[in-house]
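Below is one structure, written out as C-alpha cells, with a few remarks after it.
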Amino acid sequence: MPGKGSEPTWQPEAACWPGLVPLLRWEASYNLGIPTLDQQHQALFACFNPLLEEINAGAPFRLGFVALLLDDLIAYADYHFEHETYLFVRHGYLGRNEHFGEHNSFLEMLMHLRHQLEHGRSKPELLEPLVRLLASWWLDHLTGQDRDYAEFLLAKGEQ
Ligand SMILES: [Fe+2]
Ligand SMILES: [Fe+2]
C-alpha cells in the first residue's frame, strides 16, 4: 500500500473510459529504421497528443489554442511530407504518386477542420473527424504506406 503523498501510479492515458481518446504512445514497431524519418514521425505524435488532451477535456475547445496546435501540426506535417517526397524522387520510388495523394488528402482534411474551427464549428461537430484523422488515419498511414517504402529506401542505402 503506497504511503500518503507517494506518486500516484495510475496513468490517465492508459484508462479506457467511454469518450476518452487514448493518447498516442510511440512503440518500437513504428520505427522504420531510418532515423530522420523516425524522429519526424515521433515529432508528429508530439503534435497530436495536446490535441487529443484538449478533446478529452470536458469543456468546449479553447479556440485560439486549438487553432495554434492545428497550425503547428499542418506546418510540421507539410515539412515531413516534403522530406518523404524528396527521398522518393531522389531514389525513384515507384509508389510515390499514390503516396503523394495520401499526404495531400491528410493535409486537405486538416486544413478543412482548421477552416471549420475558424468559422465557429463547435467541439462536438469537429470531434469525430479530428479523432479519426489523428488516432486512426495517421497510424494506418505510418504502419501501412510508410512501412511500404522503408524497405525500398533502406535497400537504396538511405539512413
Ligand atoms: Fe511519414
Ligand atoms: Fe508518408
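The values are calculated or read from the model by the stated rules, or taken from the named source; none is laboratory data. Quick caveat: nothing in here was measured; it's all calculated off a predicted structure. With ideal geometry, Cβ positions are generated from the backbone for all residues, glycine too; neighbour counts draw on all protein chains shown.
Count of segment 1-41 residues, restricted to those that are within 23 Å of residue 54 (Cα to Cα) and either at pLDDT 95 or above or of a type in the set (S, T, N, Q) (or both), is 4. Against the numbered list (1) touching a residue at least 24 places away in the same chain (Cβ under 8 Å); (2) surrounded by 13 or more Cβ atoms within 10 Å (Cβ to Cβ), residue 118 comes up short only at (2). Applying the criterion of being within 18 Å of residue 159 (Cβ to Cβ) and either within 13 Å of the chain's Cα centre (by Cα) or not in a helix (DSSP H, G or I) (or both) to the residues of segment 69-107, the residue that is nearest to ligand 1 (Cβ to nearest atom) is 80.
Only one of the numbered conditions (1) at pLDDT below 95; (2) of a type in the set (A, V, I, L, M); (3) surrounded by 11 or more Cβ atoms within 10 Å (Cβ to Cβ) is not met by residue 87, and that is (1).
Taking residues in segment 141-159 that are touching a residue at least 12 places away in the same chain (Cβ under 8 Å) and away from ligand 1 (no atom under 15 Å from the Cβ), and partners anywhere that are β-branched (Val, Ile, Thr) and in a loop (DSSP other than H, G, I, E, B), the pairs with Cβ atoms closer than 9 Å and at least 6 places apart or on different chains are 159/34. Taking each residue of segment 35-50 that is under 15 Å from residue 159 (Cβ atoms) and of a type outside the set (Asp, Glu) and looking for partners that are within 14 Å of ligand 2 (Cβ to nearest atom) and assigned to a helix (DSSP H, G or I) with beta-carbon atoms closer than 6 Å, six or more apart or interchain, yields 40/80.
Checking each residue in segment 108-159 for being within 16 Å of ligand 2 (Cβ to nearest atom), more than 15 Å from the chain's Cα centre (by Cα) and either assigned to a loop (DSSP other than H, G, I, E, B) or closer than 18 Å to residue 40 by Cα (or both) picks out 147, 148, 149, 150, 151, 153, 154, 158. When you scan segment 117-140, do you find a residue that is modelled with pLDDT of 95 or more and within 17 Å of residue 51 (Cβ to Cβ), even just one? No; the residues of segment 117-140 include none that is modelled with pLDDT of 95 or more and within 17 Å of residue 51 (Cβ to Cβ).
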